[in-house]
Structures are given as C-alpha cells and as structure tokens.
Amino acid sequence: MTFNCNGKLLDLRSPVVAGILNITPDSFYDGGKYINEPHILKRVEEIINEGGTIIDIGAYSSRPGADHVSEEEELKRLIRALKIIRKKLPDVIISVDTFRSAIAGYVVKEFNVDIINDISGGNFDDEMFDTIARLQVPYVLMHMKGTPQNMQDNPYYDDFLKEILIFFAEKVQEAKQIGINDLIIDPGFGFGKTTDHNYELLKNLDRFKILDCPILIGISRKSMVFKLLNETPENVLPGTVALNMAALEKGANIIRVHDVKEAVQTVNIFNKLNSI
C-alpha cells in the first residue's frame, strides 16, 4: 500500500484523492476548460490547495462515443501541459491517462510522470506491460469492455462480477510475472457497463480486495449518478459525494474526482468514523 513515485512516497494505507485535469476539448463534464497555461496552472494549484494528492491528467477523452485522437495529438496536448506543471510544481505526483506505451515511455522519461493510468488494462497496446515493467512506475489497470467509441452499445455479460474478477486475476498475474509490482486496479465504472452494472459493482467492491491491490474508483459526476437522478453532470455533486463515501466504506483507496475539496472532506469524515 506504499508506492515509490520517483522518490516521493504515495501511502495508500489511508485513502487519497486524485484530482482530474482533462486537457481535452470534449470530456463529458469539463471539456475545453483547461487548454491554456493560466487555466491549467489554476486547476493544478486548486487540486493541491484543496488537499488532492495526485494530479490525474487526461489528453484523450474516454467518454462514451468520444472521437478517436491520434497519438501525435495526444502527445502534443500532454507535452504542453506537463511543461507548464513541472516548471511550476516539479514535485507534485502526476498520473497520466494513456493506453499507448510509447506515450507512457515518453512522459515518464521526459517529465518524471509518476503513475500511468491505462483505461484498457493493457489490451489496446501489446507493448504496454513490457514498457511499465521497464519503467518501474505504479500502473493503474482498469477494466473496460469494448472501446470508448462503442463500449456503451448494449454491454452484456454472462456473469458480470465473475467476468470482471477473472479479468483482474489474469491481468494481475500476467503483470507480476513480467515484473510489474506496483499495481492499482480500477473496476472501470461507466466503461462498458449499464447503470445497474455500475451499482452492482459498487455494492460488491469489497470483493476485489482478494486481488491484494489498492483500488481506484472514478465515479465523479458520471451517468450512473446523473441518469439515475434525472439530472445533468453539473447538478450531481451531492450524489457523487454519497457514492464516494459508499466506495470508501467498501475499500476504495483512491477516489478520482472533479471536486477535490468535497472529496477530501469525505475522506476525512470516513477516517474519523473508522478511528473511533
């Protein structure tokens, strides 16, 4: 539960918050908000000042039906943002969302990126596991059925929880066999799953402890909240907070959010409840 991030300690024995920085024009909630230097810096400083531990940067929108982005464009977006952040905050823990091994290798080497967050769990790039083993950085292994372009086209499972648990058991074993030791699993809320699937997943999140890996969850303002409540993403912060607390109670170690202040307060309340 304690990871070495380029000499910085990431201690997950107590839950931490990862603040989302989407540098895309088309993310479902905040697309286009953080594409120039002042806005990027303001967002990063906001995450840190509000108690976030990790800056999670995405340059490829993975919302349902998102447009495909070329490797060149994804890297261009990342380079611009990482130059800005590392110049101002050289020691902040940065996670980069990418399923491309070449990009993972580049950002770790050139910008000391601390964590690679792969929505495909290594399924979109056959070189990803070997690259992570060589880089020796913590790796977030996520479950997704399909691709961002088609994952919500009637997702179907014969045995939902069993299939996801088997996916992780096989992937964790494969990763550890080639030397990836610092693994974090993400069940992939909203990625190839119906609303009912998502709530079944949350209700049974504690079953994933059997994998002996920290658990990251990303529920923030997603359709499992706003569709259930007949709202828009902008109006479901209370619902997001409620689900984050439920996830913490079920064993989540990292909560990935848009609203860092509220998530940190949720973690603090959770910690107090569990200290008595």
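None of the figures in this text is laboratory data; all of them are computed from the coordinates on show. Keep in mind that this is a model prediction, so the values were computed, not measured. Heads up, the Cβs are rebuilt from the backbone with ideal geometry, glycines too, and the neighbour counts pull from every protein chain shown.
For ILE210 and ASP153, compute 0.36 nm times the residue count separating them, minus their Cα-Cα distance, and round to one decimal in nm.
Length difference between fully extended and current span is 17.5 nm.
Using the beta-carbon distance between LEU9 and GLU37 and R0 = 30 Å, what value does 1/(1 + (r/R0)^6) give for FRET efficiency, to the nearest 0.05?
0.55
Each residue of region 140-145 in turn: what ³J(HN,Hα) in whole Hz from Karplus with 6.51, -1.76, 1.60 and θ = phi - 60°, glycine and Pro shown as x?
8, 9, 9, 9, 9, 9
How much length, in nm to one decimal, is gained on full extension between ALA102 and MET1, taken as 0.36 nm per residue of separation minus their Cα-Cα distance?
33.6 nm
Applying 1/(1 + (r/R0)^6) with R0 = 41 Å to the Cβ-Cβ distance of ILE269 and GLN177, what FRET efficiency is obtained, to the nearest 0.05?
My answer for the efficiency is 0.55.
Can you list the HN-Hα couplings for region 167-174, worked out from phi with the Karplus curve (6.51, -1.76, 1.60; θ = phi - 60°), rounded to whole Hz and with x for Gly and Pro?
Along region 167-174, the couplings run 3, 5, 4, 5, 5, 4, 4, 4 Hz.
Which ³J(HN,Hα) values, rounded to whole Hz and listed in residue order, are derived for region 122-136 from phi using the Karplus coefficients 6.51, -1.76 and 1.60 in 6.51 cos²θ - 1.76 cosθ + 1.60 with θ = phi - 60°, glycine and proline given as x?
Those phi angles translate into x, 7, 9, 8, 5, 8, 5, 4, 4, 5, 5, 4, 6, 6, 6 Hz.
In this model, which of LYS8/LYS83; LYS145/LYS203; LYS83/LYS176; LYS162/LYS209; LYS176/LYS250; LYS42/LYS193 are farther than 23 Å apart at the alpha-carbon?
Beyond 23 Å between Cα atoms: LYS83/LYS176; LYS176/LYS250; LYS42/LYS193.
For the peptides 226-233, 208-215, 100-107, what is the packing order when you average, over each peptide's residues, the other Cβ atoms within 10 Å and list the highest mean first?
100-107, 208-215, 226-233
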